[in-house]
Each structure stands twice: as structure tokens, then as C-alpha cells.
1. Which one of these does Leu139 not meet: (1) under 18 Å from the mean Cα position of the chain (by Cα); (2) in a helix (DSSP H, G or I); (3) over 24 Å from Tyr227 (Cβ atoms)?
2. If Ser22 passes every condition in (1) closer than 22 Å to Gly257 by Cβ; (2) modelled with pLDDT under 95; (3) exposed (fewer than 15 other Cβ atoms within 10 Å of the Cβ) but one, which one does it miss?
3. Could you tell me how many of the residues in segment 176-199 are more than 20 Å from Ala147 (Cα to Cα), open to solvent by 10 Å² or more (accessible area, probe 1.4 Å) and not in a helix (DSSP H, G or I)?
4. Are any of the residues in segment 44-56 of a type in the set (S, T, N, Q), crowded, with 22+ Cβ neighbours inside 10 Å, closer than 26 Å to Pro217 by Cβ and under 22 Å from the mean Cα position of the chain (by Cα)?
5. Could you grab me the full set of residues in segment 157-175 that are at pLDDT below 80, closer than 17 Å to Ile220 by Cβ and part of a helix (DSSP H, G or I)?
6. So, in segment 57-67, how many residues would count as being open to solvent by 20 Å² or more (accessible area, probe 1.4 Å) and either closer than 18 Å to Pro128 by Cβ or of a type in the set (Phe, Trp, Tyr) (or both)?
7. I'm checking my understanding of the structure. Among residues of segment 256-276 that are open to solvent by less than 40 Å² (accessible area, probe 1.4 Å), of a type outside the set (Lys, Arg) and more than 17 Å from Pro148 (Cα to Cα), which one is modelled with the lowest pLDDT?
8. When segment 200-219 is examined, which residues are found to be open to solvent by less than 50 Å² (accessible area, probe 1.4 Å) and under 21 Å from the mean Cα position of the chain (by Cα)?
Amino acid sequence: MLDPFDLRSGQAVGRFWVRMSSNKHRALLIVAHGSTVNPDSSAPTLAHAAEIRRRNIFADVECAFWKEEPSLRDALFLFGPESIRELYVVPNFISEGYFTQTVVPRELELDGRITKRSNGQIWRYCEPVGNHPLMTELLLKRARDVAPDVDPAETSLLIVAHGTDLNENSAVAAKREVEKIRSLGKYAAVLNVYMEESPLVSDWRKLAKTHNVVVVPFFISDGLHSYEDIPVLLGIAVAAGVDRGQPGSTPAATERGEIFRCNPYRIDGRNLFYAPSIGTDPGFADIIIEQALSAKS
């Protein structure tokens, strides 16, 4: 598939044409959740920001977090109105839900999709990354990468989301992606599973009927959920040799990464492949740029 953007060169083709000189007064703010207990939570967001900054598409690229520094409220003071006249806010969130609809607009004092500040700055609130059509391709790529030698026709693909009662829209993105992938007819089965609502990821043995099962976490980062919680629910934490230590503790960095390098896991005579979270894919930098450019028109 031909990407609508030649983003690695910093030039856009098709719907948009990015001229470097026209962006000298435009900045990008990537907002994410962050974590007070897991330092890896913000790592993908910071990495994507560094890559976008390297491409010189925007005059400035910054990050702000709900649970880390700089905070969302700090972001109100990150961009001087004399140099930055227009700002694009891209939520690095998988779904349109409680944080994108309530927390971020409240903390950034946004009036809607377009907010004009008293200092003359225009803030454009963009769609979250999880809403972008390229997400389907990234999920398929991750499933292929983690299980390159299996026949999709003999494989069940499970997309794991969090699930929550804070906002009913939190699972919409995951359901949409599963429906799109299922319609392609490549896998024997494509299923939504959740940590906190049905169907539960812990029930994967009953839900998946095939010999091969590929599990892709639909999360922004590899944090406690992907390193510890989901492996325990899948029954692979012990098989991976991860010592979870005391309740609430975090395994060493080498142990955390090891959980993704022990595929396939042999459980009940079946092969289970466990992938890193989708948000760690470098392609997210492209999606962030596209979401910003889409709000430009």
C-alpha cells in the first residue's frame, strides 16, 4: 500500500504538501497518560516525539502527560505566543474515551477542536492516534512479526484492550480494528478480549479454537499491563521465567523484555505468541504527524 505521506523525508504527498518555511510558527504537542510507577510508560511517546523533531516538520515538538512531568497544565506555558502562532495537540491514546474527551480538554482549557487563546495562539485538538486508518496495518504487521512462520488460516488473532466503565467508548477502537481485520479473511478468527470486561483475555483457551494463537496488546506502551498483568492472565508469566517479586513490584528491565522473546509458548498443546504493545511501533510517529496535518485543513 502506498502511504499518502512520504513522512520520513518531512514532505507530504497527496492530500497535503508540507513546506518547511510555512511551519516555522507551528508546533506539535503530543499528550499521553504517563505513569507514576512505571518509567517505561512515557518511553514510546518520547521516542516518537524525538523522531518527529528530527524531521524538522514543526518549529517545536513537545510532550505532556497526565501522570508525569511536564504535566498537561504545564503545556499551557511551553510555547511562546511570539514564536508559535498555531499549535497541534495530538493525543497519543488508543481510543476516544474518558481521557481524550474529558481530562485533556479540561487540563488544556480547550473549547473544542479549535481554541483561540487570549494571546492569539490557535490550538487545534486532533484525533487520537488510535482512530487513524493505518492502525489496522500496524496491527497486522505486529502479528506477522511475532509469528512469521505460522499460517494465518490456522491462527486466532486476539487484540487485547483494557476495558473500563469510565466511558463506553474506550473499547470502540479495539472493536473497530477487529472488525476490519476480520473482514480481510486472513485469520481463522479475530477476537476482542479485555482485561476488565467480557470477553476476558484470561478466557483465551475457551475463546480461541485454533492450534496457533497470536496476542497483540492494543496499548500505547509496554507497562505493567503488558509486562505483568496480561502474561499472568494468559498463563505465560511463569513459563517466561519472570520473577514478579513482591506485589506491586516491577521486574528488571531485561526480564520485562524477555516476556516477548520466548515465543511461542506451549500451553495445552497449542502455540501462543505474545507481541509487544502496538504503541511501541515506530510507525506511530507517522500517524501522529498525519493526525496533526489532518487538523490543518
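1. (3)
2. Every listed condition holds for Ser22 apart from (1).
3. 5
4. Step one: filter segment 44-56 for residues of a type in the set (S, T, N, Q), giving 45, 56.
Checking the rest, the ones that are also crowded, with 22+ Cβ neighbours inside 10 Å come to 45.
Right, trim to closer than 26 Å to Pro217 by Cβ and you get 45.
Then keep just the ones that are under 22 Å from the mean Cα position of the chain (by Cα); that gives 45.
Within segment 44-56, one or more residues are of a type in the set (S, T, N, Q), crowded, with 22+ Cβ neighbours inside 10 Å, closer than 26 Å to Pro217 by Cβ and under 22 Å from the mean Cα position of the chain (by Cα).
5. Pass one, segment 157-175, residues at pLDDT below 80: 163-171.
If we keep only those that are closer than 17 Å to Ile220 by Cβ as well, we get 163-164, 166-167, 169-171.
Once the filter is applied, which keeps residues that are at pLDDT below 80, closer than 17 Å to Ile220 by Cβ and part of a helix (DSSP H, G or I), segment 157-175 yields Asn169, Ser170, Ala171.
6. Step one: list which residues in segment 57-67 are open to solvent by 20 Å² or more (accessible area, probe 1.4 Å), which gives 58-60, 62, 66-67.
With the extra rule that they be either closer than 18 Å to Pro128 by Cβ or of a type in the set (Phe, Trp, Tyr) (or both), the set shrinks to 58, 62, 66-67.
Of the residues in segment 57-67, 4 are open to solvent by 20 Å² or more (accessible area, probe 1.4 Å) and either closer than 18 Å to Pro128 by Cβ or of a type in the set (Phe, Trp, Tyr) (or both).
7. Gly257
8. Result: Val201, Val214, Val215, Val216, Pro217, Phe218, Phe219.
The values are calculated or read from the model by the stated rules, or taken from the named source; none is laboratory data. For clarity, every value in this text was computed on a predicted model and none was experimentally measured. Neighbour counts run over all protein chains shown; Cβ positions are idealised from the backbone, glycine included. Note: accessible area is taken over every heavy atom of the protein model, side chains too, but ligands, DNA and RNA are not part of it. Shrake-Rupley method; radii C 1.70, N 1.55, O 1.52, S 1.80 Å.
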